[in-house]
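Note sheet for the following structure.
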Number of protein chains: 2
Amino acid sequence: MSLLPAQTGNHFQAFSSFDGWSYDRPRLHEWQLKWLNLQLQEILPGNAFYREKLGTDSLQLDSLADLSAVPITTKVELVESAEASPDGLSRHHTYPATDYSRMHRTSGTTGRPLMLLDSAQDWSWWSGTWQHVLRAAEVTAADRVFLAFSFGPFVGFWSAHQACVDLGATVIPGGGLTSLARLEFLKSSSASVVCCTPSYALHLAEVAASEGISLTELGIRRIIVAGEAGGSVPAVRQRIEAAWGAKVVDHSGATEIGPWGFGWPDRIGLHVTETSFIAELLPIEGSEDDTLKQLVLTSIGRFGAPVIRYATGDAVRANLPSDGPCQFLWLPDGVVGRVDNMVTIRGVNVFPSSIDAIVRQVPEVDEYRVRVFRREHLDELEIYAEADDLICGKVQKLLAVQLGLRINVAHSPAGSLPRSEGKARRWHDERKS
Amino acid sequence: MSLLPAQTGNHFQAFSSFDGWSYDRPRLHEWQLKWLNLQLQEILPGNAFYREKLGTDSLQLDSLADLSAVPITTKVELVESAEASPDGLSRHHTYPATDYSRMHRTSGTTGRPLMLLDSAQDWSWWSGTWQHVLRAAEVTAADRVFLAFSFGPFVGFWSAHQACVDLGATVIPGGGLTSLARLEFLKSSSASVVCCTPSYALHLAEVAASEGISLTELGIRRIIVAGEAGGSVPAVRQRIEAAWGAKVVDHSGATEIGPWGFGWPDRIGLHVTETSFIAELLPIEGSEDDTLKQLVLTSIGRFGAPVIRYATGDAVRANLPSDGPCQFLWLPDGVVGRVDNMVTIRGVNVFPSSIDAIVRQVPEVDEYRVRVFRREHLDELEIYAEADDLICGKVQKLLAVQLGLRINVAHSPAGSLPRSEGKARRWHDERKS
């Protein structure tokens with residue numbers, strides 16, 4: 001199947017290399033160009049989607065700057081390609097379907113679910129790329145990593161699981177359990193690291209408190225979060241860290257892209273794993289804040305289902321070069337929000353994470369919900385918080401001070417709002433329905 | 001860590017070898033003795049549990065017959081060993097805890113949950129042993145295998161998943177979904193093989209029928225079942241096969257033991273994977289049927305957590321030599337029942353599977369429940385069936401004819417009894433509570 005077995009070898013080894021952290025930009029760009037050209041050489045003959053998009057079955061770039069001549073890829077294109085295929089698979093899969101060993105599916109948060117296949121080599125790329133998250137989180141072979149999630153069709157926890165196994169840590173799959181059963185298993189299994197969404201880390205803390213279980217005595221050192229922006233939102237992060245007595249490490253990825261970013265303990269934000277991805281930052285239409293960009297990524301190494309100039313939909317602020325322990329592109333606010341979810345209220349760009357950052361400064365609010373609606377042709381927000389009127393007033397004041405916006409905060413009874421072990425669904429945009 | 005790296009090599013290769021299927025008994029015993037002695041040599045220095053139980057840190061057997069001098073191991077011993085350990089792990093783990101990469105947990109059906117660790121080499125043994133199930137089921141690299149289960153702490157589906165990946169088939173993890181969502185994903189993913197419990201295969205058929213989805217049009221070729229006796233119960237098997245238009249293949253295993261048995265399409269019963277296990281058949285106390293034995297297994301190849309002469313709790317009938325396509329020990333009725341669940345009603349041994357075999361002959365019964373109780377010092381059964389009085393009467397007559405017992409069958413409203421995606425809990429033994 002692969003045309004390049006000798007040149008590409010085992011992708012785990014190539015993409016888990018931490019040398020790249022110290023590369024200067026020219027050296028990093030050399031690495032990226034080498035792998036991009038290897039990938040183009042490997043994929044174009046078999047990849048109908050990119051062969052047609054690029055208009056050629058053989059392309060080699062002289063420099064990374066030439067990449068800007070290649071058209072952007074959107075999720076809509078992949079979904080439409082899948083819908084037009086008799087087998088339901090997007091045509092950006094390079095090899096025949098029987099050459100793959102794993103099938104996963106996107107959550108369909110922004111469109112219809114998309115099925116993605118990975119070959120054994122692609123899977124070694126996933127695991128190799130994930131090693132950067134584990135290294136940054138200071139997870140070692142001596143750790144026991146508890147994955148507080150029901151392993152379903154989403155790739156995130158499967159790839160985390162594989163990466164931990166390949167590191168030599170002990171993985172503890174905590175799926176198919178109630179939150180209380182998870183807490184008990186966490187305790188009995190002597191876990192030292194937990195992987196979950198930020199919302200679920202807070203929800204487990206709520207359950208622990210109500211059951212009289214002391215989370216800080218469990219001996220958890222690190223909580224690796226993903227799926228939502230919380231890991232790079234200071235107030236959310238502090239709240240999780242206080243509840244667990246553990247350091248939070250953010251991580252970002254997507255089924256159709258790969259595990260593209262990792263955070264650090266004691267440091268907010270995400271690094272793009274630039275040895276596995278080429279990052280570009282494009283303007284966001286309708287944004288009045290020109291420091292805010294859309295992250296566009298090209299994967300290098302996932303030959304079976306590559307994305308080239310893929311519009312992630314993630315709004316970020318970039319800071320380059322990083323002043324941190326790693327020279328990769330640093331996004332000091334992590335993922336600020338989804339471009340799709342951005343709302344412009346009286347000239348101010350608001351994302352779910354901006355609201356989260358403020359609401360979470362008030363520890364008395366257990367859960368909340370945001371309603372986005374239109375009033376006389378203008379976008380508006382309203383918040384329902386599980387807190388008394390006094391606390392609701394406090395949140396409202398914080399919003400006014402920190403966003404410069406008057407947003408109504410209404411009381412909701414304790415326990416009345418839904419909790420989730422996956423991505424929280426706090427943002428209800430009535431304009432779209 | 002391993003003392004025998006050169007000798008043992010990669011366990012996947014050794015234990016996935018299908019040559020063993022055609023071995024005559026002397027040759028098979030030679031293989032078993034070789035691996036048993038390698039295992040004893042490897043484990044005894046580090047395995048406190050077996051070192052103490054066997055009273056030595058170096059033991060080599062001259063023949064398999066000598067194994068009968070070794071004491072039986074029970075689950076209670078492993079649970080007690082775990083309870084007495086500061087880290088909650090049974091002392092039958094050979095290596096230091098940091099040498100392992102996976103932690104799983106038993107369901108606790110027969111006692112408290114037990115945590116089990118597997119090293120990378122143990123895991124390759126699991127996958128190698130599982131290949132026999134896949135080979136018998138005629139699963140190939142071209143298949144897409146849908147795992148209809150939320151991947152939690154139980155090892156079964158994790159090992160199935162790994163085995164499919166190692167075979168080169170495409171695995172589709174179907175956890176964390178409702179039954180309807182699973183059916184839709186099954187359809188869109190073009191799966192050809194499904195793994196689940198027999199109960200859940202029937203439950204999915206119920207949901208499909210109520211939603212107007214035609215299971216037989218999905219193109220599923222094989223359903224690999226485990227977790228309950230159903231796969232070797234003719235009436236259950238026929239019912240699943242008719243609903244899905246697919247052949248059922250039984251499989252048996254346990255977290256603390258390994259994946260020890262596999263069935264065939266078009267053939268009832270289980271083969272013991274004798275290249276990975278040494279099987280013995282011991283009398284069952286209290287049984288009035290002396291063809292019924294308890295299966296006792298010694299794993300060979302799972303050095304990190306071996307079981308030696310382990311009382312599985314499974315009641316079986318043996319037929320040796322097999323007249324089938326494989327020379328391994330054949331259990332023509334599969335697992336007849338759990339020794340613990342055997343009830344003697346007026347001199348007749350009754351297992352949950354005996355009842356299941358009869359109730360499932362009446363397709364109008366959607367779900368049922370069995371109550372075991374004591375009346376004037378004698379054990380009694382009563383059945384609640386989701387069916388009208390006429391059908392209940394029909395089931396009652398079948399029980400009288402086929403078991404020779406009068407068992408009351410009472411009506412229960414449609415949909416009133418619980419369904420489960422895991423092991424069904426139809427057997428309620430009030431004598432134990």
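Things to note:
- First in the stretch B:322-340 and under 24 Å from B:Ser354 (Cα atoms), second anywhere and modelled with pLDDT of 90 or more and among the acidic types (Asp, Glu), Cβ under 7 Å, 6 or more apart: B:Leu329/B:Glu274; B:Gly334/B:Asp250; B:Val335/B:Asp314; B:Arg338/B:Asp314
- Under the condition of being more than 10 Å from every other protein chain (Cβ to nearest Cβ) and surrounded by 23 or more Cβ atoms within 10 Å (Cβ to Cβ), the residues counted in the stretch A:141-182 number 5.
- Some residue of the stretch B:327-347 being of a type in the set (Ser, Thr, Tyr) and under 24 Å from B:Trp35 (Cβ atoms): no
- Residue match in the stretch A:214-233 (condition: hydroxyl-bearing (Ser, Thr, Tyr), outside any loop (DSSP other than H, G, I, E, B) and assigned by TED's automatic domain parsing to the domain that holds A:Ala148): yes
- Odd one out for A:Asp379, checked against (1) modelled with pLDDT under 85; (2) buried (at least 19 other Cβ atoms within 10 Å of the Cβ); (3) in a strand (DSSP E or B): (2)
- Candidates in the stretch B:183-197 are the residues that are open to solvent by 10 Å² or more (accessible area, probe 1.4 Å) and of a type outside the set (D, E, K, R); of these, the one that is modelled with the highest pLDDT is B:Ser192.
- Residues satisfying the stated conditions in the stretch B:97-108, i.e. touching a residue at least 60 places away in the same chain (Cβ under 8 Å) and either at the interface with chain A (Cβ under 7 Å from one of its Cβ atoms) or not in a helix (DSSP H, G or I) (or both): B:Tyr100, B:His104, B:Arg105, B:Thr106, B:Ser107
Let's see how each residue does on (1) of a type in the set (D, E, K, R); (2) assigned by TED's automatic domain parsing to the domain that holds B:Arg102; (3) open to solvent by less than 20 Å² (accessible area, probe 1.4 Å):
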| site | (1), (2), (3) |
| --- | --- |
| B:Gly253 | no, yes, no |
| B:Trp264 | no, yes, no |
| B:Glu280 | yes, yes, no |
| B:Thr291 | no, yes, no |
| B:Thr298 | no, yes, yes |
| B:Ile308 | no, yes, yes |
| B:Ala318 | no, yes, no |
| B:Asp323 | yes, yes, no |
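- Residues of the stretch B:76-90 that turn out to be in a loop (DSSP other than H, G, I, E, B) and buried (at least 19 other Cβ atoms within 10 Å of the Cβ), as a count: 2
- Residue in the stretch A:337-352 that is open to solvent by 10 Å² or more (accessible area, probe 1.4 Å), at pLDDT 90 or above, in contact with a strand residue (DSSP E or B) (Cβ under 8 Å, 6 or more places away or on another chain) and in a strand (DSSP E or B) present: no
One line per residue, one yes/no per condition, for (1) open to solvent by less than 60 Å² (accessible area, probe 1.4 Å); (2) within 14 Å of chain B (Cβ to nearest Cβ); (3) farther than 16 Å from A:Ala235 by Cβ:
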{"position": "A:Leu390", "(1), (2), (3)": "no, no, yes"}
{"position": "A:Gly393", "(1), (2), (3)": "yes, no, yes"}
{"position": "A:Leu399", "(1), (2), (3)": "yes, no, no"}
{"position": "A:Leu405", "(1), (2), (3)": "yes, no, yes"}
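- Condition check for B:Ser119: within 14 Å of another protein chain (Cβ to nearest Cβ), within 25 Å of B:Gly20 (Cα to Cα) and crowded, with 17+ Cβ neighbours inside 10 Å: yes
- Residues being away from every other protein chain (no Cβ under 14 Å), over 27 Å from B:Pro352 (Cα atoms) and among the polar types (S, T, N, Q) are represented in the stretch B:207-214 by at least one member.
- Just one residue in the set A:Arg346, A:Arg360, A:Arg309 is charged (D, E, K, R) and under 25 Å from A:Arg239 (Cα atoms); that residue is A:Arg360.
- Screening B:Leu28, B:Leu59 for residues that are surrounded by 16 or more Cβ atoms within 10 Å (Cβ to Cβ) and not in a loop (DSSP other than H, G, I, E, B) leaves exactly one candidate, B:Leu28.
- Hits in the stretch B:32-50 (condition: surrounded by 18 or more Cβ atoms within 10 Å (Cβ to Cβ) and assigned to a helix (DSSP H, G or I)): B:Gln32, B:Leu33, B:Trp35, B:Leu36, B:Leu38, B:Gln39, B:Leu40, B:Glu42, B:Ile43, B:Phe49, B:Tyr50
- Of residues in the stretch A:85-109 being out of contact with any Gly (no Cβ under 6 Å at 6 or more places or on another chain) and β-branched (Val, Ile, Thr), the one modelled with the highest pLDDT: A:Thr98
- Boolean, B:Arg91 is among the basic types (Lys, Arg) and at the interface with another protein chain (Cβ under 10 Å from one of its Cβ atoms): no
The values are calculated or read from the model by the stated rules, or taken from the named source; none is laboratory data. This structure is a prediction, so every number in the text was calculated from the model and none was measured. Every residue, glycine among them, receives a Cβ derived from its backbone with ideal geometry; neighbour counts consider all protein chains shown. The protein model used for the area step is the full one, side chains on, heavy atoms only, and it has no ligands, DNA or RNA in it. Shrake-Rupley method; radii C 1.70, N 1.55, O 1.52, S 1.80 Å.
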